[in-house]
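**Q** Following this message is one structure expressed as structure tokens.
The values are calculated or read from the model by the stated rules, or taken from the named source; none is laboratory data. All values reported here derive from a predicted model rather than from experimental measurement. So basically every Cβ, Gly included, is an ideal-geometry build from the backbone, and we count neighbours across all protein chains shown. We work out accessible area using only protein heavy atoms, side chains counted, and drop any ligands, DNA or RNA first. Shrake-Rupley method; radii C 1.70, N 1.55, O 1.52, S 1.80 Å.
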Amino acid sequence: MSRPLPLAVAQLPPRPAGAPLSGFAAEARRLLGRFPATGMAVFPETHLCGVDTDLADGGEAEMRELLWEAAEPLDGPRTRALAELAGDLGIWLLPGTVCERGPRDELFNTALAFSPEGRLVASYRKIFPWRPYEPYDPGDRFVVFDVPGTGRFGFSVCYDAWFPEVARHLAWMGAEVIVNPVMTTTADREQEVVLARATAIANQVYVVSVNTAGPAGTGRSLVVDPEGRVRVEAPSEGATVLTDVIDLDDVSRVRTYGTAGLNRVWAQFSDADAPLELPLYEGRMDPRRWHPAGSPPEPYPPEPSASRPPTPAPSPPEPTSPPEPPSPYPGARP
């Protein structure tokens, strides 16, 4: 079985905050005109909310004020216009992140996903703002969403990639692809490229890391497969669109047979293993909960028929539905 998805990964400069959305619509239409087979178009972090940081001489408070001016509620006109655009284009549209005004005057950095039917299907508030440099309020939950007939996707945003707990939970919630919109303008993009590959290897998922182009960003966007191979990568900070066709059945293959035919991290535990206490989290790693959402990986090689049947995995979590899931985040399971 094959589950292909044609991607267009748009490493482009940010659009000025407050600019008419018609400019982005034209940008998206040009992309689709160049690459008409595109099934999902992915843009960088804050692509629609570019702010001149040189204007924020007063530090974090002034930066927050500039970003607040670019922010809208999740049910505001920008979201409605983006939904309409996705429907007009007939593709999965991931326009990067936007500045979101929360219900209690929070300022969130929020990733959005729109379906080809013109519906907002997922919104994710960045959990780990890049402190002390970003004035955003942190989100409080992990978010996955389903692309019917293809598979499950999860969001992380930029600095989230430095915290392995995010990717691990997304994979456990069933994500087969982690989309990581980025706006890295600093010298640590080299390390982020390493993290993208490490995240893919450790969780046996695809990683799509799309950074902003120069002159603001440092580029080097890339797509990594579930074994950590770089499928396509921008060589520099120049504006470009990466194209690829990923097959989400590769995730099933790697989890069944192992990375390099060897390592099956999601089949690590047996029924006889005791839970491992995790003092840092005041929690534990429970072998009975280790399987990603969906059926546990089939044994390979097959177990003898006389072996004890495995303990059923807990019910998989449902994808998070926008716009306002319950708070605070109670855990990955409902």
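**Q** With all protein chains present and a 1.4 Å probe, how do MET183, MET40 order by accessible area, largest first?
**A** Of MET183, MET40, the descending order of accessible area is MET183, MET40.
**Q** Could you check what % of the DSSP bridge pairs in segment 113-227 are antiparallel, to the nearest 5?
**A** 55
**Q** Let me have the 222 nm mean residue ellipticity of the chain computed from DSSP H runs of 4+ only, each contributing -39500 (n - 2.57), with the sum over all residues rounded to the nearest 500.
**A** Rounded to the nearest 500, it is -6500 deg cm²/dmol.
**Q** In degrees, nearest 10, range 0 to 90: what is the angle between the Cα axis of helix 77-89 and the longest Cα principal axis of the chain?
**A** 70
**Q** I'm checking a number: the convex hull volume of the Cα atoms of segment 94-222, normalised per residue, in Å³. What is it?
**A** Convex hull volume per residue, Cα atoms: 113 Å³.
**Q** Also: Tell me, what % of the accessible area of segment 68-119 is carbon and sulfur with a 1.4 angstrom probe?
**A** C and S fraction of accessible area: 44 percent.
**Q** Nearest 5 is fine: what % of DSSP beta bridges in segment 1-155 come out antiparallel, could you say?
**A** Beta bridges within segment 1-155, antiparallel portion: roughly 65 percent.
**Q** What is the magnitude of the charge dipole of the chain about its Cα centre, with +1 placed on the Cβ of each Lys and Arg, -1 on the Cβ of each Asp and Glu, and no other charges, expressed in debye to the nearest 20?
**A** 880
**Q** If you don't mind, there's one more thing I want to ask. Hey, what did the chain get for relative contact order, percent, Cα under 8 Å, at least 6 apart?
**A** With pairs under 8 Å counted, the relative contact order is 17 percent.
**Q** Applying a 10 Å radius around every beta-carbon, put 64-75, 259-270 in order of their mean neighbour count, most first.
**A** Result, highest mean first: 64-75, 259-270.
**Q** Then there's this: Accessible area, 1.4 Å probe, largest first: how do TYR133, TYR281, TYR159 sort?
**A** TYR133, TYR281, TYR159
**Q** Still on this structure: Let's see if you can work this out: charge +1 on each Lys and Arg Cβ, -1 on each Asp and Glu Cβ, no other charges. What is the dipole magnitude of segment 132-260 about its Cα centre, in debye to the nearest 20?
**A** 220
**Q** A further question follows. Rounded to two decimals, what ratio of Rg to Rh does the chain give with C-alpha atoms and a Kirkwood Rh?
**A** Ratio of gyration radius to Kirkwood radius for the chain: 0.97.
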